[in-house]
1. With respect to E323, is the statement that it is at pLDDT below 90, surrounded by 14 or more Cβ atoms within 10 Å (Cβ to Cβ) and closer than 26 Å to P427 by Cα true?
2. Cβ contacts < 6 Å: first residue without any contact (Cβ under 8 Å) to a residue 40 or more places away in the chain, restricted to region 346-364; second residue of a type in the set (F, W, Y), any location; separation 6+ or different chain. Result?
3. For region 315-340, give me the residue count where each residue is within 21 Å of S468 (Cα to Cα) and touching a helix residue (DSSP H, G or I) at 6+ places or on another chain (Cβ under 8 Å).
4. Considering only residues that are among the acidic types (D, E) and either within 24 Å of V334 (Cβ to Cβ) or open to solvent by less than 30 Å² (accessible area, probe 1.4 Å) (or both), which ones fall in region 420-456?
5. If E356 passes every condition in (1) under 30 Å from E220 (Cβ atoms); (2) of a type in the set (D, E, K, R); (3) under 24 Å from the mean Cα position of the chain (by Cα) but one, which one does it miss?
6. Say whether the condition of being at pLDDT below 90, loosely packed, with under 13 Cβ neighbours inside 10 Å and not basic (K, R) is met by at least one residue in region 457-471.
7. Please count how many residues of region 341-359 are more than 14 Å from L466 (Cβ to Cβ) and either open to solvent by less than 10 Å² (accessible area, probe 1.4 Å) or among the aromatic types (F, W, Y) (or both).
Amino acid sequence: AVPSAVSPADPGLVAAHSAGTVSRHGEILVVLARDYGAQAGDSPIRNPFRLDPHVEGSSAWKDGSTLAFKPSAPLEAGTAYTVSVDLSSVDSAAREPFSFRVRTPEPAFTVELGSLRAARDRSLELPGRLVLSDIEASDKVERLLSARFRGLKPGIAWTHQGAVHDFTVRGFSAADRDDDLEVSWDGRPVGAAVRGGRSVRVPAAGAFEVTGVRAVREGETCLEITLSSPVDPGQDFRGRIEVEGLGALRFAPAGGIVRVYASAAWPEEARVSIGEGLRDSEGRSLAVPVQATVPVSWEKPAVRFATAGVILPTGEGLTLPVETRNLAGVVVEVFRIPGDNMLQFLQVNKLDGANELYRTGEVVWRKAFDLPWSDARRNQWTASGLDFGPLLAKYKDGMYRIRLTFLRDQVRYVCKTEHDFSGLVFPTLDTLDRRWEGDWESRYKFRDDPCHPAFYERNSTYRNVLISDLALGAKRDADGLTRIFAVDLRTAKPIPDLEVILYNFQRRELSRVRTDKNGFAAFPASREAFAAVAYRAGQSAYLKLDPGSALAVSHFDAGGTAAESGVKGFLYGERGV
């Protein structure tokens, strides 16, 4: 039986578990405090999960430390469940079951309609988005929405991604007079008590009108002007579309849309003028000139690494480029994996991995940095650099996992005036990973609001960095040899006389070979070989050799016959020779 009262878990056994609102179609998870060595998909000896109200289902390991309960059928919507977990069959130290409560969301959804626009085939279309409170089957979602124009039902094209469903009403054309496109929605297919609709004016055929102006973000902020017929892409848009206070505008026409980009930062309110000189693809001028004031919202503050990859050669200097947006500072945290622990790290990771980090390393450095700020930088990505020189001077070997994040007082962002979050507690440099002690619903609601602590629970970005000029590659030949080649990343030249060491998975040394003048070292092929390691002048290189790390050749014809003697070759000559 499931206890009516909630019994907290033993923190020595359980690190985390599902809580708050969970999807009807998802799993209930329990993350244990240590790895029990189970394989993903294995079932525990006895199902440890019991739910009240009762739910049929099965349990399985997702990895060595995570148990999951999968209901046989979707959970009931808008229902609270008490989950009891008995771990006695998993760990003998578990004396009593523990329990917690979860809840499925009430069925609900919102509908957002975009602006009417001309399609490339000169018909009209209306984009929109439908967001549900939970994941639902796509066939049910598509029954929520309907459209009608002049007694006919236009088609609706859908794109589904989780609980977000983008749609486009299309396949209708303007008539000889203005009319309305009726879009309506009814939540009964998903059990939601949501009903409504909206009328969208459709200009008469032959009219060339502006149907909408809004600010959008597509890589960078721009204004999107939608029109009732395809615009002439060959015209000079300068003087026809203007934004007060901004020159050097760039224009990207596409059918019934013109996107306007600015070289300078957008003002908080963009005053747009669209003149009669604007023409459509049939030479018609704009019926009515338009002047509009468009609010340009602040981009979310963010930080990112400007380059990809793990290895940072010293030929580029010891500076790692980063970029920030709407920030006057960043926090940099360095997690170091010593060289002695790198093979242990590689047992469960690639070089860019992040599994079981605290078994192999620790945080060695954390600091907040100020960055220059001015209004001209608003909504713009600004480049900076992290200097690794002082770090290398203190820690001579190993790999670093760099974390970039930021605090509330480093953010340059205008909060919505209707919010009052003044009494909330935000993370500090000393409490960087502290979670906001609030309910799950508020955490979900404000997860994208920089003025709420929930935003700072997932605002970090990470990158593993190995500072080295050495690079290793490997090729397994048909003659049974594994050939390791070493290259200097600064010069792209082979490295002769470099000692390469082969280890097995248990980190036992198998053999050592020095590279020849061409940078090659040959080893007998071995199923035990797990990693190759090389060291030079305080730098190191690591290469995993297990089958899972080999490049796939399934897309290539790798068959053929082996020559018993001699060397095969090909001769390519000029055509006709």
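The values are calculated or read from the model by the stated rules, or taken from the named source; none is laboratory data. All values reported here derive from a predicted model rather than from experimental measurement. Positions of Cβ are backbone-derived with ideal geometry, glycine not excepted, and every protein chain shown enters the neighbour counts. Heavy atoms of the whole protein, side chains included, go into the accessibility calculation; ligands, DNA and RNA do not. Shrake-Rupley method; radii C 1.70, N 1.55, O 1.52, S 1.80 Å.
1. Working: at pLDDT below 90: no; surrounded by 14 or more Cβ atoms within 10 Å (Cβ to Cβ): yes; closer than 26 Å to P427 by Cα: yes.
Criteria not met by E323.
2. That search, which allows pairs on different chains as well, returns T360/F345; V363/F335.
3. 4
4. Initially, region 420-456 is screened for residues among the acidic types (D, E), giving 420, 430, 433, 437, 439, 441, 448-449.
The answer is D430, D433, D449.
5. Evaluating E356 over (1) under 30 Å from E220 (Cβ atoms); (2) of a type in the set (D, E, K, R); (3) under 24 Å from the mean Cα position of the chain (by Cα) leaves (1) as the failure.
6. No, region 457-471 has no match at all.
7. Qualifying residue count for the region: 1.
Per-residue answers, yes or no, for (1) free of Cβ contacts under 8 Å to residues at least 40 places away in the same chain; (2) touching a strand residue (DSSP E or B) at 6+ places or on another chain (Cβ under 7 Å); (3) of a type in the set (S, T, N, Q):
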site	(1), (2), (3)
E142	yes, yes, no
G151	yes, no, no
Q161	yes, no, yes
D166	yes, yes, no
F172	no, yes, no
R177	yes, no, no
